[in-house]
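Derivation of every value follows stated rules applied to the coordinates shown; laboratory data play no part. Computed from a prediction, not measured in an experiment: that's the story for all the values here. Using ideal geometry, Cβ is built from the backbone for each residue, glycine included, and neighbour counts are taken over all protein chains shown.
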Amino acid sequence: CAKKAKTPKDSNNDLAACRMLLSELEAHQDAWPFLSPVRHKSVPGYRKVIKKPMDFSTIKEKLTNNLYLNLETFIIDVNLVFDNCQKFNEDDSEIGRAGHRMRRFFDKRWTELL
Ligand SMILES: CO[C@H](O)CCc1ccc(O)cc1
């Protein structure tokens, strides 16, 4: 079927949806490892291993500065937070488990938007 053309209204709705999703992520009890940038100076190996650091406060900054084209580019950055977490932390660790729970929560919420 033909793709629906995106209207300015759609992108405004996308923006509202991104703000809503981000505030729910920030409010989640398992969000604590992801709220601000990892202090890579005090975490040995982090800078070397994680090429594109990302966190919820940086996403909020990018949203505020209108740096996301649409919901898709926003979801890419949120997934980067969780992919970085899985890369750096054991699944069976406090932060590893928090990352899996947050990803599961996010996947459920944004798919409910579709
Ligand atoms: C989202 O958190 C990052 O994966 C860093 C995890 C980490 C930080 C300090 C440590 O001693 C161990 C892991």
(message) Can you find, within region 64-83, the residue that is nearest to the ligand (Cβ to nearest atom) among those that are surrounded by 16 or more Cβ atoms within 10 Å (Cβ to Cβ) and closer than 14 Å to A31 by Cα?
(response) V81
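Listed residues E61, E24; which is of a type in the set (D, E), free of Cβ contacts under 8 Å to residues at least 40 places away in the same chain and either surrounded by fewer than 15 Cβ atoms within 10 Å (Cβ to Cβ) or over 30 Å from P8 (Cβ atoms) (or both)?
Details: E24 fails: free of Cβ contacts under 8 Å to residues at least 40 places away in the same chain.
Being of a type in the set (D, E), free of Cβ contacts under 8 Å to residues at least 40 places away in the same chain and either surrounded by fewer than 15 Cβ atoms within 10 Å (Cβ to Cβ) or over 30 Å from P8 (Cβ atoms) (or both) holds for just one of E61, E24, which is E61.
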(request) Might you check whether a residue that is out of contact with any Lys or Arg (no Cβ under 9 Å at 6 or more places or on another chain), assigned to a helix (DSSP H, G or I) and within 12 Å of the ligand (Cβ to nearest atom) occurs anywhere in region 3-20? (result) no
